[in-house]
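Undergrad: One structure, as structure tokens, below. Some questions next.
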Amino acid sequence: MRSTLHHQTVDSTNIRSISYVATSAVLEMTFKNGRTYKYDAVPTEVHVAFLNAASNGSYHHANIKVRYPHRQVG
């Protein structure tokens, strides 16, 4: 069965929207430049912390981009 991604916009200067599938721990992030990346093995706690961060972009750079395998998908 395929999971449907529900994108939610975030208040960020660089990130347009994100979606997260807890069952597969995949975070998909679309940037304002149009590029989309998928990050694998992202724990739910990290996803929640990202959403609650004062700066989504800074949190992404310090805690997601450098720690989880990712690939460009769009």
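The values are calculated or read from the model by the stated rules, or taken from the named source; none is laboratory data. Bear in mind the structure is a predicted one, so any value in this text is a computation, not a measurement. Here the Cβ positions follow ideal geometry from the backbone for every residue, glycine too, while neighbour counts run over all protein chains shown.
Undergrad: Could you look through segment 57-74, keep only residues that are farther than 11 Å from residue 27 by Cβ and of a type in the set (Ser, Thr, Tyr), and pick out the one that is nearest to the chain's Cα centre (by Cα)?
TA: Out of the qualifying residues, it is 59.
Undergrad: In segment 3-32, which residues are without any contact (Cβ under 8 Å) to a residue 40 or more places away in the chain and among the β-branched types (Val, Ile, Thr)?
TA: 4, 9, 18, 21, 23, 26, listed by residue number.
Undergrad: So, one more: Among the residues in segment 10-32, are any part of a loop (DSSP other than H, G, I, E, B), acidic (Asp, Glu) and modelled with pLDDT under 95?
TA: Yes; the residues of segment 10-32 include at least one that is part of a loop (DSSP other than H, G, I, E, B), acidic (Asp, Glu) and modelled with pLDDT under 95.
Undergrad: Could you tell me how many of the residues in segment 22-56 are within 10 Å of the chain's Cα centre (by Cα) and either among the aliphatic types (A, V, I, L, M) or over 16 Å from residue 6 (Cβ atoms) (or both)?
TA: Residues in segment 22-56 being within 10 Å of the chain's Cα centre (by Cα) and either among the aliphatic types (A, V, I, L, M) or over 16 Å from residue 6 (Cβ atoms) (or both): 11 in total.
Undergrad: Quick one: what pairs do we get from segment 51-67, first residue without any contact (Cβ under 8 Å) to a residue 24 or more places away in the chain, second surrounded by 15 or more Cβ atoms within 10 Å (Cβ to Cβ) and assigned to a helix (DSSP H, G or I), C-beta under 7 Å, 6+ apart or different chains?
TA: 53/59; 59/50; 63/46
Undergrad: Of all residues in segment 22-53 being buried (at least 17 other Cβ atoms within 10 Å of the Cβ) and among the aliphatic types (A, V, I, L, M), which is farthest from residue 70 (Cα to Cα)?
TA: The qualifying residue farthest from residue 70 (Cα to Cα) is 46.
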